[in-house]
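Novice: Quick one: the structure is below, questions incoming.
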Amino acid sequence: MEKTTLNYLWIKGEKVSTTETIDVVNPATGEVIDQVPNGGKKETKLAINAAYEALKPWKKLTPEKRESYLVKWADNLLENRDELAAILTEEQGKPLSESRGEIEGCATFIRWYAEEGKRVYGEVITGSKENQRISVIKQPVGVCGLITPWNFPGAMVARKTAPALAAGCTVVVKPASETPRIAIAIFEQLMKTGIPAGVANLVTGKASVIGETLFEDRRVKKISFTGSTEIGKQLMKRAADQVKRISLELGGNAPAIVFPDADLDLAAKAIVDNKFENCGQMCNGINVIYAHGEIKEKLTEKIVNLAKELKVGLGSDPGTDPIQIGPLVNEAALKNVEHLLQDAKEKGAKVETGGERTGDATGYFFQPTVLSIVTLDMKLTQEEIFGPVAPILSFQKEQEVVEFTENSPYGLAAYFFTRDVNRVYRMAEELDSGMIGVNGTSLSVPQAPFGGIKESGIGREGGFYGLEEFLELKYISLSLENDEGGY
Ligand code: NAP
């Protein structure tokens, strides 16, 4: 396939280059695959200027007109799905099948918000005086800065940009430096729709400079950030200066809890599918598996057998037997996994399978790993592992796992497996988490509010709640004149 060069920013509908560039590396080979612009203050200002100029006409368009651009965008993504998936895999590492699914997911989200933009309703409230009429309207927030991570580098751009544009906002997107090319390519498909220049802009480059430029500019009314809790906290503090609106989708520490009455085959399969998706680099990915003492051995055996079947390799491998696990995103991610594993082993964890780097020394591959005899003093039960390591703990009482979620600073997702309807309600209501999966681990759908509580973030992506993140409320009080000209 012909190599796609994606070395430009998108500002005011135009491709813009810079003299300084950033290398983009293929995590499967360690090779530099492209250089993207190292945009800074100047480029970010130009992007904000463009978004600000485009705002008034864009928000005045009918929702149907805005919808038409979004629908074309989704169509373009689907028409170019395979080419886009190849770009995604080349810089992020995930298997092509997952990348294709991610591009399809982008289109699904965009279409959903294209529709939902037509359902922004207001409210009429009874007045406090006979002649008072109160109405509440919802209006676009304004220019928004959207900052996205590398783990779902296509999906995150679509999930933020689509609701923002549907709500009538204009945007400046800053994608992660590990995975800027897929964001540039997804924007290319948006530009092809003929969307008015300046409505959507994209700047790659130094995060701190681009971030600071977005925060200091009063015309940028909102920041939506997905990434680590550490950076999210810094940005939340920074937003305080102008009381800028901010949404944060941050890290998690999701437990998967398996009760003795669960369908163990279903639980093991769902756990392995979730845990090892995207090489374990998923914010709502399972971090620890809590197996009830009565079924711990059986469940461990099933999980180990499934993990052993997983094929690790080049995400871009078109072979007939598709791989399920690509490399980690970079050397630092690999070292973090090794560090957490070493700590667990020193504290008594048993490696049931995996536990080593694998593949070519230049790629960042790690074996799918399952650990048993895991205890809560091990770092990997308290921190995001963000790698293909599944630690299994044992528990006896529901309250032990409820307390685990209560004591964790995170609260993104929790999963449990049971057939007892009483327990379903009890646990779903008690687990301290923004999202709960019961007898399944799939949570990311456009119509539901994805997001966390506590240090996992504020705000939601998905559903009408996701659109609300880009809307302001305005309350209008009207005093009516009576037929004699008085009030
Ligand atoms: P990250 O290091 O926090 O980076 C995320 C984004 O923020 C990148 O675009 C990064 O740019 C940018 N950034 C870094 N420092 C910044 C600053 N000072 N000002 C403005 N922007 C800044 O996170 P990551 O390692 O890419 O992503 C992994 C994390 O994201 C995990 O913790 C994961 O759980 C979380 N995540 C959460 C969700 C959710 O929905 N809750 C979804 C996906 C991922 P550079 O790349 O240029 O540094």
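The values are calculated or read from the model by the stated rules, or taken from the named source; none is laboratory data. Computed from a predicted structure; not experimentally measured. Glycine gets a Cβ as well: all are built from the backbone with ideal geometry, and neighbour counts include every protein chain shown. Side chains are part of the model used for accessible areas, which takes the heavy atoms of the whole protein and leaves out ligands, DNA and RNA. Shrake-Rupley method; radii C 1.70, N 1.55, O 1.52, S 1.80 Å.
Novice: List the residues, sorted by chain then number, that are 5 or more residues from Gly39 or on another chain and whose placed amide H is less than 5 Å from its amide H.
Specialist: So Gly39 has HN proximity to Thr204, Gly205, Lys206.
Novice: Compute the relative contact order of segment 107-230 as a whole-number percentage, counting only Cα pairs closer than 8 Å that sit 6 or more residues apart in sequence.
Specialist: Reported relative contact order: 29 percent.
Novice: When the helices in the chain are scored as -39500 (n - 2.57) per DSSP H run of 4 or longer and the sum is shared across all residues, what 222 nm value do you end up with, to the nearest 500 deg cm²/dmol?
Specialist: Details: 14 runs with 186 residues, N = 487.
It comes out at -12000 deg cm²/dmol, rounded to the nearest 500.
Novice: Apply the a/c threshold of 1.5 to the C-alpha gyration tensor of segment 1-145 and tell me whether it is rounded, prolate or oblate.
Specialist: Judged from the Cα gyration tensor, segment 1-145 comes out prolate (a/c at least 1.5, a/b above b/c).
Novice: Could I ask something else about it? If packing is taken as the mean number of other Cβ atoms within 10 Å per residue, what is the order of 462-475, 214-227, highest first?
Specialist: Going by the mean number of other Cβ atoms within 10 Å, highest first, we get 214-227, 462-475.
Novice: I've got another one for you. Of the listed peptides 31-43, 368-380, what is their order by residue-averaged count of other C-beta atoms within 10 Å, with the highest listed first?
Specialist: The most tightly packed comes first, giving 368-380, 31-43.
Novice: Going from most exposed to least, what order do His292, His339 have by accessible area with a 1.4 Å probe?
Specialist: Ranked list, largest accessible area first: His339, His292.
Novice: While we're looking at this one, here's another question. Beyond 14 Å, what percent of the Cα pairs of segment 1-57 remain?
Specialist: Working: 1004 of 1596 pairs.
Result for the distance tail: 63 percent.
Novice: Can you give me the angle between helix 41-60 and the longest principal axis of the chain, using Cα atoms only, in degrees from 0 to 90, rounded to the nearest 10?
Specialist: Roughly 60 degrees, rounded to the nearest 10.
Novice: Would you work out if the chain is rounded, prolate or oblate? Take a ≥ b ≥ c from the square roots of the eigenvalues of the alpha-carbon gyration tensor; rounded if a/c is under 1.5, else prolate when a/b is larger than b/c, oblate otherwise.
Specialist: Oblate, because a/c is 1.5 or more while a/b does not exceed b/c.
Novice: Extension gain Arg419-Leu376, at 0.36 nm per residue separation less the Cα-Cα distance, in nm?
Specialist: Details: separation 43, 0.36 × 43 = 15.48 nm, distance 2.70 nm.
Residue separation times 0.36 nm, minus the Cα-Cα distance, leaves 12.8 nm.
Novice: Can you classify segment 254-438 as rounded, prolate or oblate using the Cα gyration tensor, where a ≥ b ≥ c are the square roots of its eigenvalues, rounded means a/c under 1.5, and otherwise it's prolate if a/b beats b/c and oblate if not?
Specialist: Values: a/c = 1.79, a/b = 1.55, b/c = 1.16.
Prolate.
Novice: Could you tell me the accessible area of Leu478 in Å² (1.4 Å probe, neighbours in place), rounded to the nearest ten?
Specialist: Roll a 1.4 Å probe over it and Leu478 shows about 90 Å².
Novice: Carbon and sulfur together cover what percent of the accessible area of the chain at a 1.4 Å probe radius? Before the final figure, lay out the partial values.
Specialist: On the way: 10340 of 20640 Å².
The C+S portion of the solvent-accessible surface of the chain is 50 percent.
Novice: Follow-up question, since we're still on this one. How much of Glu116 can a 1.4 Å solvent probe reach, expressed as accessible area in Å² and rounded to 10?
Specialist: 20 Å²
Novice: Considering amide H positions built from the backbone, and no H for Pro or chain starts, which residues 5 or more places from Glu352, or on another chain, come under 5 Å of its amide H?
Specialist: Here Val370, Leu371, Ser372 satisfy the definition.
Novice: With axes computed from alpha carbons, what is the tilt in degrees of helix 331-346 against the longest principal axis of the chain, rounded to the nearest 10 within 0 to 90?
Specialist: Rounded to the nearest ten degrees, it is 50.
Novice: What percent does the relative contact order of segment 254-438 come to when contacts are Cα pairs within less than 8 Å and at least six residues apart?
Specialist: Across segment 254-438, relative contact order equals 28 percent.
Novice: Could you tell me how far the Cα centroid of segment 214-240 sits from the Cα centroid of segment 34-95, in Å?
Specialist: 20 Å
Novice: With every protein chain present, what is the per residue accessible area of the chain (1.4 Å probe, Å²)?
Specialist: Ligands and nucleic acids excluded, the result is 42 Å² per residue.
Novice: Going by accessible area, probe 1.4 Å, with all protein chains left in place, what is the ranking of Lys174, Lys233, largest first? Write down the numbers at each step before the final one.
Specialist: Working: Lys174 10, Lys233 95 Å².
Solvent-accessible surface, decreasing: Lys233, Lys174.
Novice: A further question on this structure: Sort the following peptides by mean Cβ neighbour count (other Cβ atoms within 10 Å, averaged over residues), highest first: 129-139, 356-366.
Specialist: Going by the mean number of other Cβ atoms within 10 Å, highest first, we get 356-366, 129-139.
Novice: Using only Cα atoms, tell me the angle between helix 229-240 and the longest principal axis of the chain; keep it within 0 to 90° and round to the nearest 10.
Specialist: The answer is roughly 20 degrees.
Novice: I would also like to ask the following. Can you send over the solvent-accessible area of Asp432, 1.4 Å probe, protein chains only, in Å² to the nearest 10?
Specialist: Looks like 50 Å² after rounding.
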